[in-house]
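Below you'll find the structure, written out as structure tokens, and then a few comments.
The values are calculated or read from the model by the stated rules, or taken from the named source; none is laboratory data. Model, not experiment: these values are computed from the prediction. Note: ideal-geometry Cβ built from the backbone for every residue, glycine included; neighbour counts use all protein chains shown.
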Amino acid sequence: MTPETILDAETKTLWLDMFRKLVRIRHFERSAFELYTAGKLPGFMHISIGQEATAVGACSALRPDDYMTSTHRGHGDTIAKGVSVEGAMAELFGRVTGVCRAKGGSMHIADFSQNVLGANGIVAAGAPIAVGAGLSAKKRGTDQVVLCFFGDGALASGPIHESMNCAALWKLPVIFLRQNNQYAESTPRTDYQGIPDVVEWAKGYGISAVRVDGNDVLAVYRAVKEAAARARRGEGPSFIESETYRWYGHNIGDPGTWRPKEEIQAWKAKDPIPRFRKVILENGAATDADLDAIEAEEEARLQAAIEAAEAAPKPKPGTALEDVYVDPDLGAQAIQGVRP
């Protein structure tokens with residue numbers, strides 16, 4: 001990580017906000033893991049501990065009105081874009097106070113108030129959605145951009161290629177960010193990726209492409225900031241290869257012990273949170289006490305969110321037919337005779 005040499009007030013504020021989001025996601029994911037293994041959360045769950053810098057760096061480079069799509073491992077991405085931990089935790093609990101009123105669960109968190117178009121349980125499915133949002137922004141004449149997170153395994157799926165081709169052809173404001181955590185479920189990329197260098201491959205679509213250290217929050221931020229500026233100028237999509245690592249297995253039920261211990265420890269040594277904390281301290285953006293206070297505040301907020309989620313009511317069966325249509329009147333007509 002290359003420290004900045006001059007820090008103005010705006011940069012200090014940005015750095016502290018990014019640090020806060022890093023620890024917010026780490027606390028959320030650790031708690032989700034503990035609650036799930038204790039049998040308190042339903043469904044299926046994928047944890048992104050270790051990947052926080054990619055989510056936070058990328059989303060910090062966006063404007064609030066920019067769009068984002070994510071993956072089945074989307075807790076961190078959606079929180080980094082602005083989804084509240086209160087709404088996200090209640091959604092994991094399956095409560096009516098959840099950000100999707102218990103209809104999304106862990107893998108389908110969406111929040112249109114934050115322009116989060118959804119995490120997605122289908123591999124690579126966020127890419128066509130991102131292209132649609134990018135086409136909408138271009139047709140409407142806005143300078144909004146769309147950030148499309150996808151995993152390294154998704155690169156072998158057709159929707160990624162189709163989406164990148166369309167985005168390049170129509171010069172859409174889409175940033176394709178590959179969260180390369182080294183494994184597609186339990187398969188190392190050496191066993192499924194025939195492309196020697198994905199950055200050079202992406203350039204073959206006629207778009208800008210770069211590789212960044214995905215555990216360096218500032219490196220990710222700068223790459224996405226540049227890609228967003230390019231998109232706002234009408235210069236089309238970008239591809240970013242962000243190299244990172246998930247500390248746990250593919251899902252909570254997978255211990256991940258099939259990976260070499262040396263590999264896991266080497267990546268844990270690159271933990272993005274202490275790395276960024278060191279940069280903040282070395283550049284005088286905050287003191288140890290300041291950062292400790294942020295950690296304590298985020299931990300307290302999360303514990304309050306868990307308590308509120310546990311106390312919130314579960315949805316009634318009939319509400320499953322609500323929120324299906326954007327237009328509530330059309331929705332009411334469509335489900336006449338279906339509602340129990």
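Quick notes
- Meets criteria (over 15 Å from ALA227 (Cβ atoms), assigned to a loop (DSSP other than H, G, I, E, B) and of a type in the set (A, V, I, L, M, F, W, C)) for ILE195: yes
- Failed item, numbered, when PHE44 is tested on (1) in contact with a Ser or Thr (Cβ under 7 Å, 6 or more places away or on another chain); (2) in a loop (DSSP other than H, G, I, E, B); (3) under 17 Å from VAL279 (Cβ atoms): (3)
- Every test in (1) in a loop (DSSP other than H, G, I, E, B); (2) crowded, with 22+ Cβ neighbours inside 10 Å; (3) touching a residue at least 60 places away in the same chain (Cβ under 8 Å) is passed by THR97 save one, and that test is (2).
- Among residues that are buried (at least 24 other Cβ atoms within 10 Å of the Cβ) and not hydrophobic (A, V, I, L, M, F, W, C), GLY82 is not included.
- Residues in the range 211-232 that are of a type in the set (A, V, I, L, M) and surrounded by fewer than 18 Cβ atoms within 10 Å (Cβ to Cβ): ALA229 alone.
- Test: ASN251 is part of a loop (DSSP other than H, G, I, E, B), modelled with pLDDT of 95 or more and of a type outside the set (Ser, Thr, Tyr): no
- Subset of the range 263-316 (residues that are surrounded by 14 or more Cβ atoms within 10 Å (Cβ to Cβ) and either of a type in the set (Gly, Ala, Ser) or touching a strand residue (DSSP E or B) at 6+ places or on another chain (Cβ under 9 Å) (or both)): LYS270, ALA285, ALA286, ALA305, ALA308, ALA309, ALA312
- Those residues of the range 301-340 which are in a helix (DSSP H, G or I), within 26 Å of the chain's Cα centre (by Cα) and either at positive phi or not aliphatic (A, V, I, L, M) (or both), in sequence order: ARG301, GLN303, GLU307, GLU310
- In the range 135-150 there is at least one residue matching the filter, namely being touching a Phe, Trp or Tyr at 6+ places or on another chain (Cβ under 6 Å), more than 14 Å from ARG73 (Cα to Cα) and buried (at least 20 other Cβ atoms within 10 Å of the Cβ).
- Residue among GLU185, GLU200 that alone is within 22 Å of ALA228 (Cα to Cα), charged (D, E, K, R) and either at pLDDT 95 or above or surrounded by fewer than 18 Cβ atoms within 10 Å (Cβ to Cβ) (or both): GLU200
- Selection status of THR11, of a type outside the set (A, V, I, L, M), over 17 Å from SER113 (Cβ atoms), surrounded by fewer than 24 Cβ atoms within 10 Å (Cβ to Cβ) and modelled with pLDDT of 95 or more: yes
- Residue in the range 79-92 that is touching a helix residue (DSSP H, G or I) at 6+ places or on another chain (Cβ under 6 Å), acidic (Asp, Glu), closer than 19 Å to PRO42 by Cβ and assigned to a helix (DSSP H, G or I) present: yes
- GLY76 vs. criteria in contact (Cβ under 8 Å) with a residue 24 or more places away in the chain, surrounded by 24 or more Cβ atoms within 10 Å (Cβ to Cβ) and in contact with a Ser or Thr (Cβ under 6 Å, 6 or more places away or on another chain): yes
- The range 171-209: number of residues that are touching a Pro at 6+ places or on another chain (Cβ under 9 Å), more than 23 Å from VAL56 (Cβ to Cβ) and not hydroxyl-bearing (Ser, Thr, Tyr): 3
- For the residues ILE25, ILE49, the requirement of being touching a Phe, Trp or Tyr at 6+ places or on another chain (Cβ under 6 Å), aliphatic (A, V, I, L, M), closer than 17 Å to TYR248 by Cα and at pLDDT 95 or above singles out ILE49.
- Consider the range 109-128 and keep the residues that are touching a helix residue (DSSP H, G or I) at 6+ places or on another chain (Cβ under 9 Å) and assigned to a helix (DSSP H, G or I). The one that is surrounded by the most Cβ atoms within 10 Å (Cβ to Cβ) is GLY126.
- Residue in the range 216-231 that is part of a strand (DSSP E or B), touching a helix residue (DSSP H, G or I) at 6+ places or on another chain (Cβ under 9 Å), among the acidic types (Asp, Glu) and modelled with pLDDT of 95 or more present: no
- When restricted to residues that are of a type in the set (Asp, Glu) and either free of Cβ contacts under 8 Å to residues at least 24 places away in the same chain or assigned to a helix (DSSP H, G or I) (or both), the range 129-174 contains 2.
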